[in-house]
Amino acid sequence: MSPVVNEDGDEFLGGTEYTGPITITETTVLKFAAVVGDCSGGVGGAGGAGDEAFSPEQREGYVDATGNPIRAEWAKSGHGDIASEPWRHWDWDDPQTVSSRCSRCHAPQATDAPIDLSFLAYAATSEATEAPVALGIDCVNCHQTFPTIYSNLAKFGRTTDGQLEPVEFPSGAELSLFSSSNLCLVCHQGRESGASVDDQIASQDPPYRFLNIHYYAAAASLFGSESNAGYEYAGKDYKPRNTFASHPDDFSNCVGCHMKNAENNEMHTWIPDADTCIGCHGGTSLETLGGTPSVSYTNLETLTPDLYAAIQGYAADVVGVSIVYDASSYPYWFTEEGDRYSDFDEALLKGAYNYQVLLKDPYGFIHNGIYLQQIAYDSVEDLGGSTTVEVVGRGDLTIDGSGIGTADTKTLQWAISGHAAAAGEPFRHWDEDYDLDGYTPSGISSSCTRCHSTAGFEEFAVGEDTTGHLPTTTVDCWSCHNDFNLFANAETRYDDLATNTALASIEFPSGASVSLDNASNICMGCHQGRSSKVQVDAATPNSTVQEPTDYDSYNFINIHYYAAAASFFGSDVQGGYEYDDNTYRGQNTFVGLHTSDGRTLVDCVGCHMNASEDASSKQRHTFLPQVEDCTACHSDQAGEGNFYDLGGSPGDNYREINVLLEDVYAAILEYGVSGLPQSSPGYYDSSAYPYWFMDNGMGSNYGNRYTDFDFDMLTAAYNYQGALMDPGGYVLNGTYIQQLLFDSTCLMGGTPRVVTVPGRPSTCP
């Protein structure tokens with residue numbers, strides 16, 4: 001371990017803690033007390049300089065003369081450890097000044113102390129200022145007056161584009177926890193990112209300079225791929241933010257975990273209390289918590305040295321210059337002779353950067369262990385190394401859920417499912433929405449929280465009106481389970497219908513109520529769409545004056561995404577637009593051998609979770625059906641393991657629906673040109689809401705949305721969208737979807753090329 005020395009050659013650091021003497025003068029003590037106060041007011045509050053100041057002896061022993069527990073706890077924290085490297089690093093500089101690059105996090109005050117506070121200046125303007133050597137991060141960094149600065153952001157010049165809401169990370173990503181935890185994000189985000197590595201590689205020729213993410217970049221780990229904390233290799237999927245599925249709201253963010261103990265008391269030591277976790281997870285420490293934490297900890301304990309071995313092997317064998325790591329000396333990577341390592345090629349830089357990411361967040365296994373495992377695994381692979389660790393989404397732990405290996409836990413499976421895709425549109429759609437005051441995120445609307453937040457689904461399940469919630473959660477364990485002992489009990493909300501009354505039967509947008517009489521009802525609560533024939537029939541004409549004005553025009557109506565249950569029940573719930581005088585197929589009961597050999601492949605849970613008689617096979621919390629469940633009876637015609645290649649109805653329906661989609665789309669476009677009183681060319685764009693646009697060169701934007709539908713054209717467009725929004729509809733109820741598309745094509749004056757649609761003639765009537 002190499003010591004850090006000052007310009008006079010005096011040893012300054014031993015390891016990572018200050019070991020030399022520090023003289024706390026009377027002036028220093030008074031300055032400390034003036035800034036800290038007694039945590040009851042603002043700067044220089046009631047506990048300012050004077051008889052309530054810490055003495056040197058009191059400070060050394062972390063004793064507060066006033067007995068104030070908050071100040072005493074703060075003194076024991078890293079924020080208050082004024083003898084440590086983060087606060088003493090600049091003591092030998094002349095003048096003793098914390099640079100503007102560092103003062104945002106390492107100085108409580110700027111040059112006009114104590115009012116011009118560096119952290120606060122950054123919060124207000126996104127620019128930090130040069131500052132004197134600090135005495136820790138103290139009360140005024142988080143509190144101007146009580147409560148926190150976050151609750152009074154307007155005072156510090158923050159707008160909807162301001163620094164604390166959201167917080168900009170080194171990658172350029174703007175992220176938010178929509179709470180006072182954003183104060184923590186400002187400093188605990190690191191100073192580099194995977195984007196920094198790419199920028200250096202793109203901007204110069206090798207060899208490259210090592211990039212260090214910096215210390216305790218916990219927020220960067222927490223947000224995973226959203227912050228681009230580590231170097232992420234092309235063609236790989238990475239876990240986004242850890243939303244701490246199944247945790248109460250109080251324990252899902254920085255403040256909740258670091259400032260709440262088992263008795264729900266505030267802690268200003270910021271040291272998490274493992275007792276708050278043990279009740280559900282088991283174990284005796286954060287490292288031994290059952291489920292994801294202990295798996296991640298164990299895996300990273302192996303992956304980290306495996307990555308180091310791969311780095312050393314690559315440096316010696318490929319670069320030709322051996323490399324060693326010294327955690328106590330900047331810039332950490334050295335030659336065997338002790339010189340700074342300066343021979344990084346592209347692969348070595350990426351791997352070394354990721355190794356440092358692992359080390360700089362010692363509790364990363366809690367913050368986002370899966371993400372850290374993924375970047376470590378990929379780095380080892382890229383450097384030609386080896387590891388025995390199984391990582392979610394890598395190797396045998398395939399992203400399709402077909403192999404879960406020894407990491408066979410419900411939470412790990414859930415983590416690679418769409419329900420856990422925290423960075424996806426279903427959970428991030430509302431991030432940029434704010435209330436009119438410009439400071440508070442408005443959150444998810446009450447009409448959306450039922451399916452886009454756990455809290456909203458809980459309200460729906462018990463029969464309550466759903467309310468708005470902040471966009472911070474995924475669809476986690478408590479959406480389906482209401483027993484906190486998840487690891488021992490797999491009972492669902494459906495098992496407790498006395499409480500979860502809305503799950504006894506599910507009412508669809510058409511008003512029809514249906515039930516599968518099992519936990520699949522939970523799935524139908526959301527996967528039913530938001531529109532039906534009823535909403536289309538109730539559509540009202542636009543108020544916009546048309547030229548000519550001899551027809552009523554309408555706005556498009558969208559069934560919404562993944563309305564699988566609507567397809568499944570067909571005419572029983574009228575998810576599609578069904579034309580008068582035609583009959584349509586109802587629920588697909590999956591007749592035949594779908595209930596044989598201990599299998600129950602006839603409903604949501606059965607197909608998506610493989611609910612066989614073998615209890616171990618009921619663990620598929622990826623919710624991704626497996627084609628192997630079907631090939632026992634259905635042939636795999638192409639031999640590539642695709643549902644659309646299955647023999648019989650699945651494959652036939654897939655091919656026929658794709659032809660019908662082409663037919664109805666062509667017919668709709670032609671109808672817009674020649675079938676409307678006013679020629680109104682249009683087109684469909686699946687990537688932009690509301691999907692149908694005027695074909696006038698103005699592009700796919702909301703202002704150019706298609707508003708010239710007559711009623712017939714509206715119904716056909718609705719059915720076209722419905723078929724696209726359920727990509728598995730050919731399996732769920734292919735006959736129903738074919739019937740809708742066939743009838744829509746005929747209505748638009750088209751000619752269906754599929755002539756074998758059940759219940760329909762070979763040509764349009």
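Rule-based calculations on the coordinates, nothing more; no lab input. What you see is a predicted model, and the numbers here were worked out from it, not measured in a lab. So basically every Cβ, Gly included, is an ideal-geometry build from the backbone, and we count neighbours across all protein chains shown.
Quick one: which of 689-696, 736-743 comes out on top by average Cβ neighbours within 10 Å, and what's the full order, highest first? Let's see the in-between values first.
Values: 689-696: 17.6, 736-743: 27.5.
The packing order, highest mean first, is 736-743, 689-696.
About the Cα centre of segment 188-382, what is the dipole size in debye to 20, counting +1 per Lys and Arg Cβ and -1 per Asp and Glu Cβ, all else neutral?
360 debye
Can you give me the distance in nm between label points at residue 84 and residue 359, each placed 7 Å from the Cα along the Cα-to-Cβ direction?
1.8 nm
For the pairs 260/410; 236/410; 260/350; 236/260; 236/360, note any where the Cα-Cα span goes beyond 29 Å.
Where the Cα-Cα span goes over 29 Å, the pairs concerned are 260/350; 236/260.
Distance from a point 7 Å along Cα→Cβ of residue 591 to each backbone N in segment 650-677: keep the residues under 16 Å and list them by number.
Within reach of a label on residue 591: 650.
Using θ = phi - 60° and the Karplus curve 6.51 cos²θ - 1.76 cosθ + 1.60, what whole-Hz ³J(HN,Hα) does each residue of segment 752-765 get, with Gly and Pro shown as x?
Using θ = phi - 60°, the values come out as x, 7, 7, 10, 10, 6, x, x, 10, x, 6, 9, 4, x Hz.
What list of ³J(HN,Hα) values in whole Hz, one per residue of segment 282-293 in order, does the Karplus curve 6.51 cos²θ - 1.76 cosθ + 1.60 (θ = phi - 60°) give from phi, with Gly and Pro shown as x?
Karplus values, whole Hz, x for Gly and Pro: x, x, 10, 7, 4, 6, 10, 4, x, x, 4, x.
Go through segment 645-652 residue by residue and turn each phi into a ³J(HN,Hα) via Karplus (6.51, -1.76, 1.60, θ = phi - 60°); whole Hz please, and just put x for glycine and proline.
Calculated HN-Hα couplings, in order: 9, 5, x, x, 4, x, x, 4 Hz.
Using per-residue counts of other Cβ atoms within 10 Å, averaged over each peptide, order 671-681, 355-365 from highest down.
Ranked by mean Cβ neighbours within 10 Å, highest first: 355-365, 671-681.
So how do 748, 698, 259 line up by other beta-carbon neighbours within 10 Å, fewest first?
By the 10 Å Cβ count, ascending: 698, 259, 748.
Name the residues whose placed amide hydrogens come within less than 5 Å of the amide hydrogen of residue 260, ignoring near sequence neighbours (fewer than 5 apart) on the same chain.
267
Would you grab the residues whose amide H sits under 5 Å from the one on residue 341? Only those 5+ places off in sequence or on another chain, please, with H modelled 1.01 Å from N.
Amide H neighbours of residue 341, under 5 Å, 5+ apart: 333, 334, 335.
Please find the FRET efficiency linking residue 198 to residue 491, where r is the Cβ-Cβ separation and R0 is fixed at 30 Å, and quote it to the nearest 0.05.
Computed FRET efficiency for residue 198 and residue 491: 0.05.
Between residue 250 and residue 683, what is 0.36 nm times their sequence separation minus the Cα-Cα distance? Round to one decimal in nm.
Extra length from residue 250 to residue 683 when fully extended: 151.2 nm.
Taking amide H atoms as placed 1.01 Å from N in the peptide plane, list the residues 5 or more away in sequence, or in a different chain, whose amide H sits under 5 Å from that of residue 444.
469, 470
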